[in-house]
Amino acid sequence: MPPPNTPEEGVVATNTSSILALRPSMSRDGGGDGGGGGGGGPSSAAAVDLRLLEYEDAVDENLICPICRVALVGPVITNCDHVFCHRCLVQAHALNPVCPVDRLPLKLVSETRPAPKIVQNQLDNLNVRCPNHARGCHLVVARSLVENHVTRYCDKTMVPCPHPSCEHTVVRNDVGKGCLHYDVQCEYCEGNMLKADLEIHQDQKCPNRKKDCELCSAEFVRNKQEEHMKECPEVEVSCKYAPFGCTQQMSRKMAEGHGEKCDYRVVGPVGEQLAELRSELTALQEKDRMKDRRIKFLENRGYTLPASNATEAISDISLPESSTNADMAPYESRDQYFLSLFETMESKVERLSSALAEVEGRHSMMLINETLQIKDQLTEIRSTLGVLGMHVRWLMNFRLQERGRVGAGSPAMPGSLAGNQQGTSDPNLPRRLSDTMREHPPRL
Amino acid sequence: MSGLGPKRLGKELTKIQNSLPPGITLVSADNLEEWFLDIQVLDQNPLYAGQTYRLKFKFSKSYPIEPPEVTFTKTDNRPIPMHPHIYSNGIICLDLLGSQGWSPVQNVESVCMSIQSMLTGNTKDERPPGDEEFVRGNRLRPRDIDFYYHDNTV
């Protein structure tokens with residue numbers, strides 16, 4: 001029943017290697033669905049819909065999903081050897097549980113599996129344009145890397161506006177400019193729009209965005225006036241020998257002709273040589289400075305690098321390219337670079353250790369100050385305690401003596417009190433000796 | 001479904017704008033919802049010789065998962081072809097265009113070719129049984145009609 005030109009699929013992957021079964025099925029669902037975002041929630045999960053990408057080159061027909069007609073995303077292969085995007089197959093299968101190509105009955109779970117790795121690798125290597133193409137990112141990158149590019153690096157990705165109460169999004173490049181979601185008027189067409197949209201509007205949409213150059217009558221986008229001015233053939237420029245004294249001004253297209261008969265052209269080559277020499281000189285000076293530093297370093301340490309060994313040892317350490325670009329510039333070789341790195345590290349360590357010593361000193365001073373006070377108070381408390389003890393002992397002795405004289409008449413001082421106790425505690429007085437303190441606290 | 005349909009239709013359009021099989025011509029595709037194509041039967045079948053018929057494709061949002069709605073439309077010089085599976089209001093009874101027979105790997109071009117070959121193979125100069133009644137009574141959209149595919153030989 002399928003019509004004569006039904007696409008013949010399944011040529012790609014007839015090899016049903018068992019290794020592939022190890023891949024958890026649907027692990028590659030949609031590639032961009034679960035991947036790079038790293039659990040960033042639903043918002044980042046949809047960062048890049050791989051099915052909407054534009055491919056830089058024509059994609060091999062064998063890598064195209066017969067359903068959506070774009071390069072496969074999360075390819076699955078059926079037992080009847082037809083390959084589809086996982087999502088396409090799921091959608092088609094929901095409507096009609098057969099293989100879309102040959103219409104044989106198909107069980108989604110047991111009769112499909114992820115396509116062979118080689119197919120997925122081929123798909124990953126396809127070059128795609130950055131989905132922010134329309135906003136001006138012209139990067140072309142392997143499909144497997146595009147999500148990473150968009151979610152982390154692309155300047156043109158829409159991100160939430162930095163203003164906490166603003167719900168709009170803004171391109172990543174403009175995040176540093178604060179909230180751009182206020183109304184402005186385009187100065188060319190007098191339409192109202194958000195500040196964030198103004199640039200795109202003026203570059204691409206504004207009806208009055210184009211303007212004829214007054215000088216060369218070429219048409220250019222107003223917003224790019226400066227760029228045009230840099231190349232407009234009619235703009236007045238100064239002679240290329242201006243640094244050597246020519247004061248003439250002329251249009252750019254004339255400048256070439258003038259250059260050939262400018263009075264200062266004789267000086268020109270000499271001037272160029274001069275500039276060359278000057279730059280060479282600065283380079284040499286820089287080199288000299290480096291050498292000086294190195295010599296100083298070696299002298300100070302009395303340490304010599306065994307030249308051959310050192311280079312060998314270091315040569316297999318690959319320098320971190322991107323991060324050192326700026327630092328690397330003045331250094332001629334890896335040795336020097338490492339040397340300087342070492343020096344800076346050393347000075348850092350020195351600074352740190354001195355800071356540490358300082359902190360330690362301050363700390364111990366503080367401790368001493370505190371503890372001294374505490375010690376003083378402690379001795380004070382101790383002496384008061386001794387005095388109290390003396391009092392107590394004296395009183396106890398006094399009480400005992402008093403009880404010893406029971407019946408011999410009440411003493412003069414604690415008269416009524418002693419008389420009360422006399423009656424109650426009299427019989428068991430002898431064995432209560434040690435407990436008296438607790439049971440009848442002395443009332444001072 | 002997210003934006004899959006338009007992308008695929010756009011691709012199909014660029015393809016059929018460049019080349020189409022003989023006997024099929026694109027008339028208009030001003031948007032991604034409704035296209036018109038003309039088809040001719042190329043062999044000397046006396047029923048259709050020298051005639052051109054106009055097909056109307058209507059695409060839903062879920063194309064290509066769901067089938068497009070394909071009917072013949074009648075204009076001054078574009079009649080509805082006589083065929084035991086084609087009603088006089090242009091509705092085509094073809095399993096390919098129903099939910100059951102449709103497959104998302106089909107495309108506009110393949111549907112046209114199927115219809116072309118359906119006409120080519122036909123010898124009966126008649127409408128389907130109950131045509132008048134159907135044409136009078138039908139208010140359903142073609143894909144919702146539960147056709148009885150009574151004759152798979154045609």
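The values are calculated or read from the model by the stated rules, or taken from the named source; none is laboratory data. Values in this document were obtained by computation on a predicted structure and should not be read as measured data. Cβ placement follows ideal geometry from the backbone for every residue including glycine, while neighbour counts extend to all protein chains displayed. For accessibility, only protein heavy atoms count, side chains too; no ligands or nucleic acids. Shrake-Rupley method; radii C 1.70, N 1.55, O 1.52, S 1.80 Å.
So here's what we get for this one:
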| read-out | value |
| --- | --- |
| Exposure rank, largest accessible area first [A:Phe342, A:Phe244; 1.4 Å] | A:Phe342, A:Phe244 |
| Unit charges on C-beta of K, R, D, E only; dipole of the stretch A:82-180, Debye | 100 |
| A:Val59 accessible area, 1.4 Å probe, all protein chains in place, Å² to nearest 10 | 30 |
| Peptide-level mean, for A:64-74, of C-beta atoms on other protein chains within 10 Å | 4 |
| Residues with amide H under 5 Å from that of A:Glu56, placed H, sequence gap 5 or more | A:Asn127, A:Val128, A:Arg129 |
| Estimated vicinal HN-Hα couplings, Hz - the stretch B:82-87 in sequence order (Karplus 6.51, -1.76, 1.60; Gly, Pro = x) | 7, 6, x, 10, 10, 6 |
| Amide H contacts under 5 Å for B:Val27, placed H, 5+ residues apart | B:Phe36, B:Leu37, B:Asp38 |
| Cα-only radius of gyration and Dmax that characterise the stretch B:9-120, units Å | 13.3, 39 |
| Accessible-area ranking of A:Lys240, A:Lys291, largest first, probe 1.4 Å | A:Lys240, A:Lys291 |
| Over 25 Å between alpha carbons, listed pairs A:Lys177/A:Lys205; A:Lys156/A:Lys205; A:Lys117/B:Lys7 | A:Lys117/B:Lys7 |
| Pair A:Asn300, A:Ala134: separation of 7 Å Cα→Cβ label points (nm) | 5.9 |
| Total formal charge among the other residues, if their Cβ is under 13 angstrom from that of A:Lys253, Lys/Arg +1 and Asp/Glu -1 | -3 |
| Drop in accessible area of at least 20 Å² in the complex versus isolated chain, residues of the stretch A:86-113, 1.4 Å probe | A:Gln91, A:Ala92, A:Leu95, A:Asn96, A:Pro100, A:Arg103 |
| A:Arg294 - accessible surface, heavy atoms, 1.4 Å probe, Å² rounded to 10 | 70 |
| Label-point gap, in nm, between A:Ser279 and A:Glu167 - each point 7 angstrom along Cα→Cβ | 5.6 |
| Residues whose placed amide H lies under 5 Å from that of A:Ala115, excluding near-sequence neighbours | A:Val76, A:Ile77 |
| Spin-label pair A:Lys205/A:Thr247, simplified geometry with 7 Å Cα→Cβ offset, distance in nm | 5.1 |
| Total charge dipole magnitude, the stretch A:159-229, about the Cα centre, Cβ charges on Lys, Arg, Asp, Glu only, Debye to nearest 20 | 140 |
| Euclidean distance between Cα centres, the stretch A:96-158 to the stretch A:246-269, Å | 56 |
| Dipole magnitude (debye, nearest 20) for chain B, charges at Cβ of Lys, Arg, Asp, Glu | 460 |
| Charge dipole (chain B, unit charges on Cβ, about Cα centre) - positive-most of B:Leu94, B:Pro6, B:Ser110 | B:Pro6 |
| Calculated from backbone phi, Karplus (6.51, -1.76, 1.60) coupling profile of the stretch A:111-128 in Hz, x at Gly/Pro | 10, 10, 8, x, 5, x, 4, 5, 5, 5, 5, 4, 5, 4, 7, 5, 7, 10 |
| Accessible surface of B:Ile115 - all protein chains present, 1.4 Å probe, nearest 10 Å² | 0 |
| In Hz, Karplus ³J(HN,Hα) per residue of the stretch B:91-99 (6.51, -1.76, 1.60; θ = phi - 60°; x = Gly, Pro) | 6, 9, 9, 9, 4, 4, 9, x, 4 |
| Heavy-atom SASA rank of A:Val159, A:Val270 (probe 1.4 Å, accessible area, largest first) | A:Val270, A:Val159 |
